Amino acid sequence: VIASGEARAKLTAQLGLTAEDAETYGDLAGTVYAANFGGSLADVNEAIRTVKVNLGDIGEIGADNFQAATESALTLSSVMGVDVAQSTEAASKLIKKGLAKDSTEAFDIIAEGFTSGVDTSGDFLDTLNEYSPYFAQLGISGTQALAILQDGLKGGARNTDVIADAFKEFGILAIDKTSGAGA
């Protein structure tokens, strides 16, 4: 187990933090770890690093939202075995494409996907990353996209990629037809 000072120094180096920012992120890591998130302080620091890289720093998304995102990513990791970097990347895509209003909603969508069995083929997070722009283009929200994936799997689709790809192709055709390019 890395000692607190070593863990803070590593996080500071990884993120290029100022002394003041290092204290802020170090305090956050201690708070999150003390609340029983992560298997070690190093795990918490790694989650903080990926949240900062994928979702933004504390100044951008706010301290409370940053902490909630870190805790959500760590919870998905410990309960569902989801890679923290992959979950934060998917949450980021959902937010940036307007499918979720914030990280809380994004992680709720991701958690619901895992608890409802949408990841049966192991492609759920990849599907969110790849196809969020296409769902957004069609005006589909994150919760609607999740319902579409759930219904598609119940209907016999082999994985979420096939379902989302059908919506991507539909969107391409619909846009071409409405713009006159496909007519």
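The values are calculated or read from the model by the stated rules, or taken from the named source; none is laboratory data. This structure is a prediction, so every number in the text was calculated from the model and none was measured. Here the Cβ is made from the backbone with ideal geometry for all residues, glycine too, and neighbour counts use every protein chain on show. Accessible surface is based on the protein model in full, side chains and every heavy atom, while ligands, DNA and RNA are left aside. Shrake-Rupley method; radii C 1.70, N 1.55, O 1.52, S 1.80 Å.
Say we look at region 97-120 and pick out the residues that are open to solvent by 60 Å² or more (accessible area, probe 1.4 Å) and of a type in the set (S, T, N, Q); which of these is nearest to A47 (Cα to Cα)? Looking at the filtered set, the residue picked out is T104. Where residues in region 19-52 are among the aliphatic types (A, V, I, L, M) and open to solvent by 60 Å² or more (accessible area, probe 1.4 Å), which of them is nearest to M80 (Cα to Cα)? Among residues in region 19-52 that are among the aliphatic types (A, V, I, L, M) and open to solvent by 60 Å² or more (accessible area, probe 1.4 Å), the one nearest to M80 (Cα to Cα) is A34. Here is a check on your reading of the model: is G98 part of a loop (DSSP other than H, G, I, E, B) and farther than 20 Å from G142 by Cβ? When the stated conditions are applied, G98 does not pass them.
When T178, T120, T143 are screened for being modelled with pLDDT of 95 or more and either assigned to a loop (DSSP other than H, G, I, E, B) or of a type in the set (S, T, N, Q) (or both), only T143 passes.
Between K93, K168, the distinction of being in a helix (DSSP H, G or I), of a type in the set (K, R), open to solvent by 40 Å² or more (accessible area, probe 1.4 Å) and closer than 30 Å to G62 by Cα belongs to K93 only. Residue pairs whose Cβ atoms lie under 8 Å apart, separated by 6 or more positions or on different chains, with the first residue in region 18-30 and of a type in the set (A, V, I, L, M, F, W, C) and the second in a helix (DSSP H, G or I) and surrounded by fewer than 17 Cβ atoms within 10 Å (Cβ to Cβ), are L28/A63.
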